[in-house]
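Asker: The structure is given below, and queries will be raised subsequently.
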Amino acid sequence: MVPLVLQPGRRTGEAKGPRDVTFSVRRAYAEAVHRAGGRLLALPPIDDRLDELDEVLGRIDGVLLHGGGDVEPARYGVSEVHPTVGGVDPVHDAVELAVVRAAIGRGIPVLAICRGHQVLNVALGGTLHQDLGEQGPAHRDCLHEVTVVPGTRLAGALGVGVAVGHSWHHQAIDRLGDGLVVSARAPDGTVEAVELPGSWVLGVQWHPEDTAATDPVNQRLFDGFVAACRR
C-alpha cells in the first residue's frame, strides 16, 4: 500500500488559470514525499467542518504541516502583537491546529515544517518568540548548521549529528508545548527541532524540502516519515 499523507493547503490568489482564490500546496513537499514512496493529498483549508476531521484522518496514514505566515499571537495567549508579525490567516490557524491535535490523538505520524513546527508547539500549549530581532538575519533565507541531539527520533531519521538546513523564518519556539522535547538547535541556540517521545511526531524549523532533492540527509527526514506512515 502507498502511504497517503494529508497536508492542509493554502488559500492563495496568486495561482495562474483559475478565476478565483485557489487552494494550493508547494510542489517541493509533494516531490519529497513522492521520492520517499508516499503520495500527498491536499486538504482545502475550510474551517466550518472541523468536527469531521477525525473521520478524514481515519482514512490517511500521515500528516504534513508546512511553512507559511505567522500564527496569530492570540492563539498562544499573547495580546500585544509585534509589528513584524505578518501573513496571519485565522482559517489556516484553525484548520492546522485542529488537524495536528486530531492526528496526535489518533497516533498518526506528523512531520511539521517551519510554520508547521510552530503550529505543533502552539497546539500543545507552547508559545513563540514573535520576532528574533538581531538574530533574525541568521535564519532568513540562509543555510546553517543544525546540531542534533543524540538518541532522538530526529537523529535516527537523519543519521548524522550535524545537518545543514535552509531557514526562512523570523519567529521561533519560546516555551515548549506539553510533552515536547528539543531534538536540535541552531548555532545561536534557537530551537530547530522538537519531537513527542513515544510517537512519530516531529517538527523542524528549517525547510528540508528546499534541499532534499540534492541532499540525502534532508531527504532522509521524509523517508523516515513515510516509512512511519507505512507502518
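Asker: Restricted to the range 129-178, and to residues that are aliphatic (A, V, I, L, M) and part of a loop (DSSP other than H, G, I, E, B), which residue is surrounded by the fewest Cβ atoms within 10 Å (Cβ to Cβ)?
Answerer: Among residues in the range 129-178 that are aliphatic (A, V, I, L, M) and part of a loop (DSSP other than H, G, I, E, B), the one surrounded by the fewest Cβ atoms within 10 Å (Cβ to Cβ) is Val160.
Asker: Let me ask something else about it. Failed condition for Glu80, given (1) in contact (Cβ under 8 Å) with a residue 40 or more places away in the chain; (2) farther than 23 Å from Leu6 by Cβ; (3) in contact with a helix residue (DSSP H, G or I) (Cβ under 9 Å, 6 or more places away or on another chain), with all others met?
Answerer: Glu80 satisfies every listed condition except (1).
Asker: Moving on to the next point. Working carefully through the options Glu145, Glu195, find the one that is under 27 Å from Ala102 (Cα atoms) and of a type in the set (Asp, Glu). Spell out how you get there, then give the answer.
Answerer: Details: Glu145 fails: under 27 Å from Ala102 (Cα atoms).
Being under 27 Å from Ala102 (Cα atoms) and of a type in the set (Asp, Glu) holds for just one of Glu145, Glu195, which is Glu195.
Asker: Identify the residue in the range 1-29 that is at pLDDT 90 or above and in a strand (DSSP E or B) and, among all such residues, is surrounded by the fewest Cβ atoms within 10 Å (Cβ to Cβ).
Answerer: Per the criteria, the residue is Leu4.
Asker: Can you tell me which of Arg153, Arg175 is among the basic types (Lys, Arg), touching a residue at least 40 places away in the same chain (Cβ under 8 Å) and touching a Gly at 6+ places or on another chain (Cβ under 7 Å)? Steps first, please.
Answerer: Numbers: Arg153 fails: touching a Gly at 6+ places or on another chain (Cβ under 7 Å).
Only one candidate passes the filter, namely Arg175.
Asker: Name the single residue that is surrounded by the fewest Cβ atoms within 10 Å (Cβ to Cβ) among those in the range 48-65 being farther than 15 Å from Ala123 by Cβ and touching a strand residue (DSSP E or B) at 6+ places or on another chain (Cβ under 8 Å).
Answerer: The selected residue is Arg59.
Asker: Answer yes if at least one residue in the range 32-47 is among the aliphatic types (A, V, I, L, M), touching a Pro at 6+ places or on another chain (Cβ under 7 Å) and more than 23 Å from Glu192 (Cα to Cα), and no otherwise.
Answerer: yes
Asker: Consider Ala123 carefully, then state whether it is among the hydrophobic types (A, V, I, L, M, F, W, C) and surrounded by fewer than 23 Cβ atoms within 10 Å (Cβ to Cβ).
Answerer: No; evaluated as a whole, the condition is false for this residue.
Asker: What number goes with the only condition from (1) under 25 Å from Gly125 (Cα atoms); (2) surrounded by fewer than 21 Cβ atoms within 10 Å (Cβ to Cβ) that Val194 does not pass?
Answerer: Just one mismatch for Val194, condition (2).
Asker: Look through the range 179-200, keep the residues that are part of a loop (DSSP other than H, G, I, E, B) and aliphatic (A, V, I, L, M), and return whichever of them is nearest to Phe222 (Cα to Cα).
Answerer: Only one residue fits best here, namely Leu196.
Asker: Still on this structure, please answer the following. So which residues in the range 66-97 are among the hydrophobic types (A, V, I, L, M, F, W, C) and over 24 Å from Ala32 (Cβ atoms)?
Answerer: Those that are among the hydrophobic types (A, V, I, L, M, F, W, C) and over 24 Å from Ala32 (Cβ atoms): Ala74, Val78, Val81, Val85, Val88, Val91, Ala94.
The values are calculated or read from the model by the stated rules, or taken from the named source; none is laboratory data. All values reported here derive from a predicted model rather than from experimental measurement. All Cβ positions, glycine included, derive from the backbone under ideal geometry; neighbour counts span all protein chains shown.
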